[in-house]
Amino acid sequence: MWAVMEPLMPTVTGRSRPWTDHRLAVEGMAWKYRTGAPWRDVPAEFGSWSSLWRRFNAWAQDGTWDKILTAIAGSPEAEGLVAVVDGTIVRAHKHAAGARKGG
């Protein structure tokens, strides 16, 4: 999958400091979403949680994630690996639908 993703990763332009390794950052983001942990609980081995969040947020806003996910979904390597989550199958707790609390 990295071979599909790597050419789509943004580069630093201008006088900005260079990013740390994109692959390590993507692994940190994947860890966060795989475990469901808050950003602050991402292990330090992936870098600073705030740096990871800022990069994730920047990529979400500039369309980088859209390009990456579209490329992965269309790659032959992803055949049978990419699942689509449909919001109609997500179940909420009964209190989320306005049920009375306490019985």
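The values are calculated or read from the model by the stated rules, or taken from the named source; none is laboratory data. The shown structure was predicted, so the numbers you read here are calculated from the model rather than taken from an experiment. Glycine gets a Cβ as well: all are built from the backbone with ideal geometry, and neighbour counts include every protein chain shown. For the accessible areas, the whole protein counts, side chains as well, though only heavy atoms, and no ligand, DNA or RNA atoms are used. Shrake-Rupley method; radii C 1.70, N 1.55, O 1.52, S 1.80 Å.
Summary of computed values
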| quantity | calculated |
| --- | --- |
| Share of carbon and sulfur in the accessible heavy-atom surface of segment 14-59 [1.4 Å probe, %] | 52 percent |
| Highest-first arrangement of 46-59, 27-40, where packing means the average Cβ count within 10 Å | 46-59, 27-40 |
| Using a Förster distance of 22 Å, the FRET efficiency for residue 39-residue 19 (Cβ separation, nearest 0.05) | 0.80 |
